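The values are calculated or read from the model by the stated rules, or taken from the named source; none is laboratory data. What you see is a predicted model, and the numbers here were worked out from it, not measured in a lab. Counting neighbours? That spans all protein chains shown, and the Cβs are built from the backbone with ideal geometry, glycine included. SASA here: full protein model, heavy atoms, side chains in, ligands and nucleic acids out. Shrake-Rupley method; radii C 1.70, N 1.55, O 1.52, S 1.80 Å.
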Amino acid sequence: MSLRKEIGTVIRQRTLKSIVTATGVGLHGGRKVNLVLRPAAVNTGIVFHRVDAHPPIDMRVDPYSVCDTRMCSGLEKDGFKVGTVEHLMSALAGLGIDNLHIDVDAPEIPILDGSAGPFVFLLQSAGIIEQLAPKKFLRVNKTVEYREDDKFVQLSPYDGFRLKFSIVFDHPAIDSTSTEVEVDFARHSYVRDVSRARTFGFMQDVEFMQANGLALGGSLENAIVMDEYRVLNSEGLRYADEFVKHKVLDAIGDLYICGYPLLAAYTAHKAGHALNNRLLRVLLEDASAWEVVSFDDTVPAPAAVVHQLTVPVPVF
């Protein structure tokens, strides 16, 4: 093992150094969930395992396996589901982890504090290592978009990864914050600027959902909750623009379900999990709109990519 910075323009795949575990509550089912994150070999990708099934059900991330986008992004195979994957997927994308086994014994990933922050902590605690294989990116070569009424999502060519998002809510607590944000990872830090933004909801909606068997694990401990006028969480907001920042956090996780980090500019207005998934399908169904690329000493990486992935990690 040796420590190094990027050599030339080589960008390598990443996994974890060791196994790490967590236990939490599922947001929608309200039941205890055990989670295990395990290192994976090069070119494995991100694979979820429902270990409570006999035999276990393996689900490699795939936009066409997304089954439920009402309040989260969920994967399904052979009748088994893993819901609420977007916050963990967002943390994996933000830390540049390409290969990982994820064991879960329930139909959803634990919600923890409603952000990607606890997943970042878990991943960093396990240690992140580089592997002896080039990292693969999905480069967007032409603009694609998907629209529904006044909502839209778009991906355009860009030598890096940039997200622009705008939201519209008729609520004083949200309207008093910034409802537009741009995050460009050539300049911004995922861990510092995005990862701690929590999911949010309205008290009347939470009460209705819980009465109908949904959001049974939701609380002030894992979401920003608002009444008709204000935020009910005593600690307030973590970011001045936490609401729209969380939509960016979700989008990063939703887009990483394509199986590769993107080289693209993403733009969205009033979008959510469903539109993000439709956008990936529109992209992948046009073979001229994308390509899978790697960078080594003969093919230079964009400066923005090098900037995003310059944290020194062990090489195995």
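Being open to solvent by 30 Å² or more (accessible area, probe 1.4 Å) and of a type outside the set (Asp, Glu) is the filter here, so list the residues in region 170-187 that pass it. It would help to see each step written out before you state the result.
Filtering region 170-187 for residues open to solvent by 30 Å² or more (accessible area, probe 1.4 Å) gives 170, 172, 175-176, 178-180, 182, 186-187.
Correct list: PRO172, SER176, SER178, THR179, ALA186, ARG187.
Kindly state which strands (runs of 3 or more DSSP E) lie completely within region 241-316 and contain at least 3 residues that are open to solvent by less than 50 Å² (accessible area, probe 1.4 Å), within 18 Å of ILE11 (Cβ to Cβ) and modelled with pLDDT under 95.
Values: elements: 262-269, 290-293, 313-315.
The strands (runs of 3 or more DSSP E) meeting that bar are 313-315.
For (1) more than 17 Å from the chain's Cα centre (by Cα); (2) modelled with pLDDT of 95 or more; (3) over 29 Å from ASN233 (Cα atoms), each residue gets a yes or a no:
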position: HIS87; (1), (2), (3): no, yes, no
position: HIS101; (1), (2), (3): no, yes, yes
position: PRO110; (1), (2), (3): no, yes, no
position: PHE119; (1), (2), (3): no, yes, no
position: GLN124; (1), (2), (3): no, yes, no
position: GLU130; (1), (2), (3): yes, yes, yes
position: TYR158; (1), (2), (3): yes, yes, yes
position: ASP175; (1), (2), (3): yes, no, no
position: SER178; (1), (2), (3): yes, no, no
Of (1) modelled with pLDDT under 95; (2) farther than 26 Å from GLY201 by Cβ; (3) open to solvent by 20 Å² or more (accessible area, probe 1.4 Å); (4) under 22 Å from the mean Cα position of the chain (by Cα), LEU27 satisfies every one except (2)
Any residue at all in region 155-169 that is assigned to a loop (DSSP other than H, G, I, E, B), open to solvent by 60 Å² or more (accessible area, probe 1.4 Å), among the β-branched types (Val, Ile, Thr) and over 15 Å from TYR266 (Cα atoms)?
-> yes
Sole exception among (1) at pLDDT 95 or above; (2) assigned to a loop (DSSP other than H, G, I, E, B); (3) open to solvent by 30 Å² or more (accessible area, probe 1.4 Å) for GLY114, by number | (3)
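Criterion first (closer than 17 Å to GLY30 by Cα, of a type in the set (Ser, Thr, Tyr) and either in contact with a helix residue (DSSP H, G or I) (Cβ under 9 Å, 6 or more places away or on another chain) or crowded, with 17+ Cβ neighbours inside 10 Å (or both)) does THR143 satisfy it? Outline the logic, then answer.
On the way: closer than 17 Å to GLY30 by Cα: no; of a type in the set (Ser, Thr, Tyr): yes; either in contact with a helix residue (DSSP H, G or I) (Cβ under 9 Å, 6 or more places away or on another chain) or crowded, with 17+ Cβ neighbours inside 10 Å (or both): yes.
So THR143 fails the test.
Search region 44-83 for residues being of a type in the set (D, E, K, R) and over 19 Å from ILE97 (Cα atoms), and hand back the single one that is surrounded by the most Cβ atoms within 10 Å (Cβ to Cβ).
So in region 44-83, the residues of a type in the set (D, E, K, R) come out as 50, 52, 58, 60, 62, 68, 70, 76-78, 81.
Adding the requirement that they be over 19 Å from ILE97 (Cα atoms) leaves 50, 52, 68, 70, 76-78, 81.
On the way: ARG50: 22, ASP52: 14, ASP68: 18, ARG70: 11, GLU76: 16, LYS77: 17, ASP78: 9, LYS81: 19.
If we take residues in region 44-83 being of a type in the set (D, E, K, R) and over 19 Å from ILE97 (Cα atoms), then ARG50 is surrounded by the most Cβ atoms within 10 Å (Cβ to Cβ).
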